[in-house]
1. Look at region 16-33 and say how many of its residues are open to solvent by less than 40 Å² (accessible area, probe 1.4 Å) and outside any loop (DSSP other than H, G, I, E, B).
2. Take the residues in region 34-53 that are at pLDDT 95 or above and closer than 22 Å to residue 8 by Cα; name whichever of them is surrounded by the fewest Cβ atoms within 10 Å (Cβ to Cβ).
3. Within region 1-57, how many residues turn out to be β-branched (Val, Ile, Thr) and within 22 Å of residue 75 (Cα to Cα)?
Amino acid sequence: MSRFIGMETLAKIGSNLREARRKAYPDDTLDDFALRIGVGRATLQRMEKGDLSVSMGKYLQAARLLGLDEPFQYLLKPRRSLFDD
């Protein structure tokens, strides 16, 4: 499999998801949390690895449940400069 520039970022997102899940729902199994966000266990496992094949919508579902969805609105937002109106 070829590596692309963002693999480290995706892996970090997956790691962050795993950490947040364990903190917010310490008694949940993978199956329990997967059910909470409407995915299967295998999909959740891929998400926690930062798998690119999982849609952003699934990550957003998990972020919403964990109360971490606010930053999603800033993804890909161009930065403003002093010269912008």
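1. Taking region 16-33 first, the residues open to solvent by less than 40 Å² (accessible area, probe 1.4 Å) are 17, 20-21, 28, 30, 33.
Cutting the leftovers down to outside any loop (DSSP other than H, G, I, E, B) gives us 17, 20-21, 30, 33.
So the count comes out to 5.
2. Here is the first cut: in region 34-53, the residues at pLDDT 95 or above are 34-49.
Keeping just the survivors that are closer than 22 Å to residue 8 by Cα gives 42-49.
Values: 42: 10, 43: 17, 44: 24, 45: 16, 46: 17, 47: 25, 48: 21, 49: 16.
Only one residue fits best here, namely 42.
3. Kept after step one, since they are β-branched (Val, Ile, Thr), are these residues of region 1-57: 5, 9, 13, 29, 37, 39, 43, 54.
From what's left, within 22 Å of residue 75 (Cα to Cα): 5, 9, 13, 37, 54.
Number satisfying all stated conditions: 5.
The values are calculated or read from the model by the stated rules, or taken from the named source; none is laboratory data. Note that the structure is a prediction, hence the values are computed from the model and not measured. Because the Cβ atoms are built from the backbone with ideal geometry, glycine has one as well, and the counts that use them run over all protein chains shown. Only protein heavy atoms, including side chains, enter the accessible area calculation; ligands, DNA and RNA are left aside. Shrake-Rupley method; radii C 1.70, N 1.55, O 1.52, S 1.80 Å.
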